[in-house]
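Some notes on the structure that comes next.
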Amino acid sequence: MPEAIINEYGLTQDRQRDRRHHGGPERAVCLWSAEIIDQLRADGHEIRAGSAGENVTIRGLDWKRLVPGSRIHLGDQVIVEITSHAAPCRIIAQCFRDGDFNRINHQTHSGRSRLYARVARQGIIHPGDQVTLEIDSAADRGARVQPKTTRWRPPGN
């Protein structure tokens with residue numbers, strides 16, 4: 001895809017299959033590390049960018065440093081803020097040679113999970129755009145993290 005438009009609900013060209021558990025402003029974008037995908041492929045798993053449900057694959061960031069509240073600049077327009085780790089589910093089991101999708105579960109394999117993010121600034125991204133982790137104080141990050149108190153529903157539901 002030559003470019004992707006990202007708004008408060010995620011990539012305009014992409015829709016989640018299960019909107020009860022995925023999507024909404026707090027899970028607008030699902031990010032994952034290209035290096036982790038490379039490691040899994042080297043271990044013999046049939047996985048590729050996008051096959052585990054992520055819609056933005058990033059190369060070059062230390063994935064273990066990313067926590068809820070971390071802000072990432074995608075290209076020169078888009079800023080996303082990590083809201084949570086994405087729990088894997090059986091839908092992606094076919095990506096793993098033994099069906100064990102828990103190898104990317106944050107609870108058991110810290111630093112290997114996909115990440116959900118809200119969109120702090122909308123815009124357009126392109127393959128190969130520079131990706132930058134915004135460095136700020138832990139206090140600032142903590143102030144931005146909101147507790148989950150409601151469940152987002154798609155408009156009209």
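The values are calculated or read from the model by the stated rules, or taken from the named source; none is laboratory data. Everything quoted here is computed from the prediction, not taken from an experiment. All Cβ positions, even for glycine, are placed from backbone atoms using ideal geometry, and neighbour counts span all protein chains on display.
Overview of results
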read-out: Residues satisfying the stated conditions in the range 131-157, i.e. part of a helix (DSSP H, G or I) and either of a type in the set (D, E, K, R) or at pLDDT 70 or above (or both); value: 140, 141, 144
read-out: Pair list, Cβ < 9 Å and 6+ apart or interchain, from the range 31-44 residues that are on the phi > 0 side of the Ramachandran plot and part of a helix (DSSP H, G or I) to residues that are of a type in the set (S, T, N, Q) and exposed (fewer than 13 other Cβ atoms within 10 Å of the Cβ); value: none
read-out: Candidate set: the range 50-65, residues that are over 13 Å from the mean Cα position of the chain (by Cα) and not in a loop (DSSP other than H, G, I, E, B); chosen: the one farthest from residue 112 (Cα to Cα); value: 65
read-out: Within the range 1-35, considering residues that are among the hydrophobic types (A, V, I, L, M, F, W, C) and at pLDDT below 90, the one nearest to residue 114 (Cα to Cα); value: 32
read-out: Pairs with Cβ under 9 Å, 6+ apart, first in the range 66-80 and part of a loop (DSSP other than H, G, I, E, B), second of a type in the set (Lys, Arg) and modelled with pLDDT of 95 or more; value: 77/121
read-out: Flag for residue 98 being at pLDDT 90 or above and exposed (fewer than 14 other Cβ atoms within 10 Å of the Cβ); value: no
read-out: The range 102-115, subset surrounded by fewer than 21 Cβ atoms within 10 Å (Cβ to Cβ) and either of a type in the set (Gly, Ala, Ser) or over 20 Å from residue 64 (Cβ atoms) (or both), residue modelled with the highest pLDDT; value: 111
read-out: Whichever residue in the range 116-130 is assigned to a loop (DSSP other than H, G, I, E, B) and without any contact (Cβ under 8 Å) to a residue 60 or more places away in the chain and, among such residues, is surrounded by the most Cβ atoms within 10 Å (Cβ to Cβ); value: 129
